[in-house]
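The values are calculated or read from the model by the stated rules, or taken from the named source; none is laboratory data. Computed from a predicted structure; not experimentally measured. Every residue, glycine as well, gets a Cβ built from its backbone with ideal geometry; the counts of neighbours run over all protein chains shown. We work out accessible area using only protein heavy atoms, side chains counted, and drop any ligands, DNA or RNA first. Shrake-Rupley method; radii C 1.70, N 1.55, O 1.52, S 1.80 Å.
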Amino acid sequence: SGSSDGTIRLWIGETGAPLSEPMRSHSDSVCSLVFSPDGKILASGSDDQTIRLWDVGTPAPLGKPLACCIDRVNPVAFSADGTMVLWA
């Protein structure tokens, strides 16, 4: 789940408990989240005009934020083969 405080949380579906500590990197609301086709990477789009990629296993950011827009990043998606991140 993405939050207006810029954090992302992963949850255990069966129990509703958090899977880990909140992931922090965005400076504004997280408005779009999508898993890569293999489920190993999470892409987050934010009102801070960036996309972040996250390693779901750790969960830690992968590289620097991708500055991409003049407005919010919503939606964000992966290409079918998982090699590209797309946004509108």
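Quick notes on this structure:
- Ser44 vs. criteria small (Gly, Ala, Ser) and surrounded by 16 or more Cβ atoms within 10 Å (Cβ to Cβ): yes
- Check on Arg52, among the basic types (Lys, Arg) and open to solvent by 70 Å² or more (accessible area, probe 1.4 Å): no
- Members of the stretch 61-88 found to be in contact with a Phe, Trp or Tyr (Cβ under 7 Å, 6 or more places away or on another chain) and closer than 25 Å to Glu21 by Cβ, listed by number: Pro61, Leu62, Val73, Val76, Val85
- Of all residues making up the stretch 65-86, the number that are open to solvent by 90 Å² or more (accessible area, probe 1.4 Å), assigned to a strand (DSSP E or B) and within 23 Å of Asp38 (Cβ to Cβ): 0
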